[in-house]
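Reading through the structure tokens given below for one structure.
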């Protein structure tokens with residue numbers, strides 16, 4: 001499995017950020033091909049200097065992730081970042097080598 005994590009920095013207007021993320025950005029990501037799982041939510045107990053929201057997209061392979069992001073739907077989601085994520089984002093990629101569940 002291949003995961004992409006997006007850490008969004010704390011926006012000045014959290015209400016506008018939340019509304020845009022929920023009504024515009026999340027549907028764009030959900031339309032992207034090859035995404036196996038998409039989860040997102042605020043960082044619990046976040047304060048100054050910590051991310052405000054974290055999103056995770058899971059793919060079967062890195063190649064699937066690259067094809068998804070290169071698709072028209074992926075390009076639309078990436079382009080939308082400039083509409084609401086002015087405080088900054090950090091994108092991390094991870095190849096999952098092990099999974100443990102209880």
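Laboratory data are not the source of any read-out in this text; all were calculated from the coordinates shown. Since this is a predicted model, take the numbers as computed values, not measurements. When we count neighbours, we look across all protein chains shown, and the Cβ atoms used for this are built from the backbone with ideal geometry, even at glycine.
Helical content of the chain, expressed as a calculated mean residue ellipticity at 222 nm, amounts to -9000 deg cm²/dmol (DSSP H runs of 4 or more residues, -39,500 (n - 2.57) each, divided by residue number, nearest 500). May I ask for the angle, rounded to the nearest 10°, between helix 72-84 and the longest principal axis of the chain, with both axes built from Cα atoms and the value confined to 0 to 90°? The two axes meet at around 20 degrees. Going from the fewest other Cβ atoms within 10 Å to the most, the residues 50, 23 appear in the order 23, 50. Taking other C-beta atoms within 10 Å as the exposure proxy, 7, 53, 92 rank 92, 7, 53 from fewest upward. Contact order for segment 2-95, expressed relative to its length and based on alpha carbon pairs under 8 Å spaced 6+ residues apart, stands at 49 percent.
Per-residue Cβ neighbour counts within 10 Å put 20, 25 in the sequence 20, 25, beginning with the fewest.
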